[in-house]
Amino acid sequence: MERNESTSRPVALVTGATRGIGRSIALAFAQKGYDLAFCYRSNQAEAVTLMADIERAGARVLSHQLDVSDEAAVTTFFGRLEQQYGRLDVLVNNAGQTRDGLLVSMEKTDMEAVLATNVVGTMLFCREAVKLMLPARSGSIVNLSSVSAVRANKGQTNYAASKGAVEALTRALAVEVGKKGIRVNAVAPGVIKTEMTGELLDNFEKQLKQRLLARKFGEPSDIAEAVLFLARPENHYITGQVLTVDGGLVLG
């Protein structure tokens, strides 16, 4: 699932891109003139559909199926990316996992699975992206956090811990690579309408909206716009920051 052709266009890599927020982000970059690389965990049919949509937007595309916490698979993917494009301008770490439950009864496997995807996977992709960005002394990394890092709900100890780690990672890596021309920021979404949150929003729509100053749920496109903002080279003076896009949930 690739097109072997070098490019002088900017290149963006989006993890977990086949649905919801990740899909919206990938298509937004394609529409802004970027060539794309993306990865996904399991649904090949959705990956094929996304690939076609990206190509219709006029962009080249490379896709790869993997577990983001699998170091060997991540290294292989970056090898393919470098061979096809020879550059990487933007990395968006969107892939994430939830396994909610009260800590008192939570299995260790549920702790490890969430941390592996949300933290270890993000670190692996950041590491490999920095290797590609250093020679150019430019690049932008945008990690997806969550308002749960600062305002968690019951049953989210593993998820909240993972997103708190993502925000700490964002700041620490910004310090490491800032003088090399690489910026690292994060976006923290609030309540966004996706397939993953559909049942929750249906069951608790009234209660949730009462906590939102905007009085409505966000769309995946709202997060995509925030990611685009942080990724733009014109915003070179922004690094090590977490941009909360939550309709005022934290303040509500």
- request: Kindly list the number of the only condition in (1) farther than 18 Å from Val245 by Cβ; (2) at pLDDT 95 or above that fails for Gly155.
  value: (2)
- prompt: Looking at Leu27, Leu62, Leu50, Leu13, which is the one that is closer than 20 Å to Met123 by Cβ and not aromatic (Phe, Trp, Tyr)?
  reply: Leu13
field: Options Leu91, Leu144, Leu115, Leu134: the member that is aliphatic (A, V, I, L, M), modelled with pLDDT of 95 or more and farther than 30 Å from Gly248 by Cβ
entry: Leu134
- request: Test Val114 against the stated conditions and say whether it is among the aliphatic types (A, V, I, L, M), without any contact (Cβ under 8 Å) to a residue 60 or more places away in the chain, in a helix (DSSP H, G or I) and within 23 Å of Ile192 (Cβ to Cβ).
  value: yes
field: Subset tally (residues that are modelled with pLDDT of 65 or more, assigned to a helix (DSSP H, G or I) and either under 15 Å from Ser146 (Cβ atoms) or hydroxyl-bearing (Ser, Thr, Tyr) (or both)) for region 194-221
entry: 3
- request: Count, please, the residues in region 90-111 that happen to be touching a residue at least 24 places away in the same chain (Cβ under 8 Å) and over 15 Å from the mean Cα position of the chain (by Cα).
  value: 8
query: Between residues in region 162-178 that are more than 17 Å from Gly121 (Cβ to Cβ) and residues that are of a type in the set (Ser, Thr, Tyr) and not in a helix (DSSP H, G or I), which pairs lie under 7 Å by C-beta distance while being six or more apart or on different chains?
result: Ala174/Thr239; Gly178/Thr239
message: For the structure I just gave you, tell me whether Ser69 is loosely packed, with under 15 Cβ neighbours inside 10 Å and either of a type in the set (D, E, K, R) or more than 17 Å from Ile141 (Cα to Cα) (or both).
response: no
field: Members of region 133-158 that are in a helix (DSSP H, G or I), in contact (Cβ under 8 Å) with a residue 24 or more places away in the chain and over 9 Å from Leu91 (Cβ atoms)
entry: Leu134, Ala136, Val147, Ala149, Thr157, Asn158
statement: Taking region 56-84 and keeping residues outside any loop (DSSP other than H, G, I, E, B) and touching a helix residue (DSSP H, G or I) at 6+ places or on another chain (Cβ under 7 Å) leaves Val61, Leu62, Ser63, His64, Gln65, Glu71, Val74, Thr75, Phe78, Glu82
- prompt: Any idea how many residues of region 21-55 are assigned to a helix (DSSP H, G or I), within 20 Å of Asp67 (Cβ to Cβ), of a type outside the set (A, V, I, L, M, F, W, C) and modelled with pLDDT of 95 or more?
  reply: 3
- request: Return the pairs, sorted by first residue and then second, in which the second residue is modelled with pLDDT of 95 or more and small (Gly, Ala, Ser), the first residue lies in region 44-59 and is more than 11 Å from Tyr34 (Cα to Cα), the beta carbons are less than 6 Å apart, and the residues are 6+ apart or on different chains.
  value: Ala47/Ser63; Met51/Ser63
statement: Reported set for region 129-149 where residues are closer than 22 Å to Gly16 by Cβ and surrounded by fewer than 16 Cβ atoms within 10 Å (Cβ to Cβ) is Lys131
field: Pairs where the first residue, in region 209-232, is farther than 10 Å from Ile21 by Cα and the second is of a type in the set (Lys, Arg) and part of a loop (DSSP other than H, G, I, E, B), C-beta under 8 Å, 6+ apart
entry: Lys209/Arg215; Lys209/Lys216; Phe217/Lys193; Gly218/Lys193; Leu228/Lys32
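The values are calculated or read from the model by the stated rules, or taken from the named source; none is laboratory data. None of these values were measured; they are calculated from a predicted model. Ideal geometry is used to build each Cβ from the backbone, glycine not excepted, and the neighbour counts take in all protein chains shown.
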